[in-house]
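The values are calculated or read from the model by the stated rules, or taken from the named source; none is laboratory data. Every value quoted in this text rests on a predicted model; they were computed, and no experiment measured them. Here the Cβ positions follow ideal geometry from the backbone for every residue, glycine too, while neighbour counts run over all protein chains shown.
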């Protein structure tokens, strides 16, 4: 797989752009009246709520189980489920029992980052298909293991970057493939999100109803603190990857897709904490550069946390630079272009859609991305996935490489074929982690 990574990216990008149709699932009548897909959602405090609704709108798909290490969250979500759908749903704290449940066909993973890859691997080993929220992995090495597991067990694994199911974004990709803005040599990823002071709440006792050992999973066991549970784990290295590995994965993925590249050979990053004296470990501000000398291309990536300007009207999105013009992707479902020295407005597109969050609504939102996943599950055809597991690994790995360069504070040279650094054992150590107890990502999946 490593030697064919670049070919895969090119084929998947061209296929999904040239032949893209707004995803629909096949009628259940084609499979028999009882061919219902039973789904479990893992992690239901935040993004998991959209996973529930995204699955429940699919034809002949039923969310039958919710899983979270916090029983308090589970009971609240069970109540919401009953009110919204007038149906009961089973609860489970331990995802291993979900994997053992033969009645569950697919799992949808919206747990913290440090759980993503192992959850996918366990699902594949249990014969279940998986939809995994971004980032696909917490580190580079386990991302590759996730790909190996999907391949070995023949499972369907979709990465939760819903802009890959956007007709407008696919149209923008195809324009670049067709040379609309000339030779595309640079992509710029923007993550300008409002991220405030989270303070420091110190250590406290574990709340009743929370299985903190399960929550910690593969990560090192630390004293309990509200600084981590339930959201601010994003800003601590043992569990999250900062905003480049949070919101930023949508944009790292699109940078690579639009430039038609895999992993880079040169990486440098600089940033830090300049605003808040809080307990965040990850940088508030981060600028990363990824260079592809053999292809004469470059990615610039910028994370900003507070008051800022937009760039071409976008605060979260991507800008692609060609020798004839630029294409600006704003958010998840629209683009515009400008041509030549005079910046003549060119082609543009937008999905539009129904009311609701930009992430979920419209032809290219979460619901459509789940529809694409379910169609692939029913057909047993991973080639029709818009966000296959290989792209989950690569887009996540790009963010991880930037973080490693930031933490080591030097320019790094990387070998994309071996997925290791060149003559740099200190950097290589940061490609993986020490796993804890029963929560080990295996070398052989």
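List of remarks:
- When segment 202-211 is filtered for residues that are assigned to a loop (DSSP other than H, G, I, E, B) and either closer than 13 Å to residue 258 by Cβ or in contact with a helix residue (DSSP H, G or I) (Cβ under 9 Å, 6 or more places away or on another chain) (or both), the ones remaining, listed by number, are 206, 207, 208, 209, 211.
- Any hit, segment 404-414, residues being modelled with pLDDT of 95 or more, closer than 17 Å to residue 144 by Cβ, assigned to a helix (DSSP H, G or I) and assigned by TED's automatic domain parsing to the domain that holds residue 291: yes
- Single condition residue 386 does not satisfy, out of (1) part of a helix (DSSP H, G or I); (2) in contact with a strand residue (DSSP E or B) (Cβ under 9 Å, 6 or more places away or on another chain); (3) closer than 29 Å to residue 332 by Cβ: (1)
- Meets criteria (over 24 Å from residue 443 (Cβ atoms), assigned by TED's automatic domain parsing to the domain that holds residue 235 and in contact with a strand residue (DSSP E or B) (Cβ under 8 Å, 6 or more places away or on another chain)) for residue 92: no
- Filter pass, residue 334 being surrounded by fewer than 21 Cβ atoms within 10 Å (Cβ to Cβ) and in contact with a strand residue (DSSP E or B) (Cβ under 6 Å, 6 or more places away or on another chain): no
- Flag for residue 393 being over 30 Å from residue 285 (Cα atoms), buried (at least 24 other Cβ atoms within 10 Å of the Cβ) and at pLDDT 95 or above: no
- Residue 232 being closer than 20 Å to residue 407 by Cβ and in contact with a helix residue (DSSP H, G or I) (Cβ under 6 Å, 6 or more places away or on another chain): no
- Scanning segment 415-429 for residues that are buried (at least 18 other Cβ atoms within 10 Å of the Cβ) and over 25 Å from residue 151 (Cβ atoms) gives a single hit, 427.
For (1) at pLDDT 95 or above; (2) assigned to a strand (DSSP E or B); (3) crowded, with 17+ Cβ neighbours inside 10 Å, each residue gets a yes or a no:
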| position | (1), (2), (3) |
| --- | --- |
| 7 | no, no, no |
| 25 | no, no, yes |
| 40 | yes, yes, yes |
| 72 | yes, no, no |
